[in-house]
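Some notes on the structure that comes next.
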Amino acid sequence: MVLVGGSGCNENAGGAGTASKAGGPVSVEGRVPRIAGESDTGNRYPFTVMVFSQASGTEQQGRQCSGVLIDPRLVLTAGHCVCMRQESPAPGTGDRSLIDSSSCARTATVTTVLYESGASGRGVKSFTQEYSGEVRPHPALKVLLDAQGEVVSSEADLAFIFLETPVEGHLPPVELADAEVEAGETLVMVGFGSDELLGTLGGKRRFRANAVTTVLEPGRALFQPPERPLYRGDSGGPCLRETRNGALLVGILSRGLGKQASLTRTYPYRDWLREELQWLER
């Protein structure tokens with residue numbers, strides 16, 4: 001996977017197969033489900049979508065991430081997926097860079113994906129639909145990165161995409177959780193991510209359970225990914241708490257940002273989330 005400015009989003013990724021690193025080729029055959037997760041060909045998490053954005057007036061290439069539908073016209077993703085990395089203007093910060101709400105794409109493209117088994121159960125077909133929408137980052141978005149692209153601090157790494165038209169078909173949005181993430185809790189994480197060794201993973205939506213290891217303030221959490229550092233994955237996809245009544249959204253992935261596998265918890269930003277939903281209703 002090629003990381004764009006430390007964003008953790010996908011750019012020009014290759015296909016799955018055999019990759020190489022220092023020491024020679026590494027076979028990845030048969031390791032996709034264990035490392036990247038199970039394919040969601042049963043449409044268990046259809047509210048997880050692909051997000052593509054490109055800031056106008058910049059030379060940075062477009063970014064592909066994941067996102068989650070929380071309303072027929074509203075997609076939530078990671079702020080660093082739609083806002084550009086820039087040199088930090090803060091004095092005394094050294095070779096650090098900043099991602100905030102001052103340098104974001106105006107619009108983004110959202111792609112929904114539904115799967116269907118082929119005739120006689122042979123193969124799986126995917127059906128996609130594209131939508132365009134306005135990017136609305138959290139006003140307090142601020143991610144500070146060091147010269148190696150590692151996260152120094154992260155706050156409100158969230159952004160909405162307000163779609164021009166509501167999504168079509170049977171795509172029920174996910175509901176927001178009303179309780180905080182806890183250390184030791186196991187969450188289901190979903191996305192269309194790419195991998196440093198496995199490539200684009202065929203562009204399939206995948207999900208995998210990971211345990212939260214540390215809850216950080218003001219709104220991050222770390223989790224234990226499979227076979228670190230082989231798998232980094234993408235950003236912007238949902239972190240879900242499974243309940244008897246269905247999945248609840250508790251966080252947004254930023255596992256491709258820096259070396260730490262992390263997410264942004266949604267509970268600390270619940271007031272902003274609700275205000276944006278109310279704004280949409282009005």
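Here, each number is a calculation from the coordinates, and none is a lab measurement. Just so we're clear, the structure is a prediction, and the values are computed from it rather than from any experiment. Note that each Cβ is placed from the backbone with ideal geometry, even for glycine, and that neighbours are counted across all protein chains shown.
Listed values, structure above:
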read-out: Where labels lie 7 Å past Cα in the beta-carbon direction, separation of Glu281 and Ala179 in nm; value: 2.4 nm
read-out: Whole-angstrom gap from segment 236-279 to segment 103-156, using each part's C-alpha centre; value: 13 Å
read-out: Under-5 Å amide H pairs with Ser254, H placed in peptide plane, nonlocal only; value: Gly236, Ser262, Leu263, Thr264
read-out: Rounded to whole Hz, the Karplus (6.51, -1.76, 1.60) HN-Hα couplings of segment 235-245, x for glycine and proline; value: 10, x, x, x, 10, 10, 9, 7, 10, 5, 9
read-out: Pairwise label distance in nanometres, Arg270 with Arg244, each label 7 Å out on the Cα-Cβ vector; value: 2.1 nm
read-out: Interchain or long-range residues, amide H under 5 Å from Gln129's placed H; value: Thr112
read-out: Neighbourhood charge, 14 Å Cβ-Cβ cut-off, centred on Glu130 and excluding it, Lys, Arg +1 and Asp, Glu -1; value: -2
read-out: Table column - 3J(HN,Hα) (Hz), segment 266-282, Karplus curve with 6.51, -1.76, 1.60, x for Gly and Pro; value: 8, 4, x, 10, 4, 5, 5, 4, 5, 4, 5, 5, 5, 4, 5, 5, 6
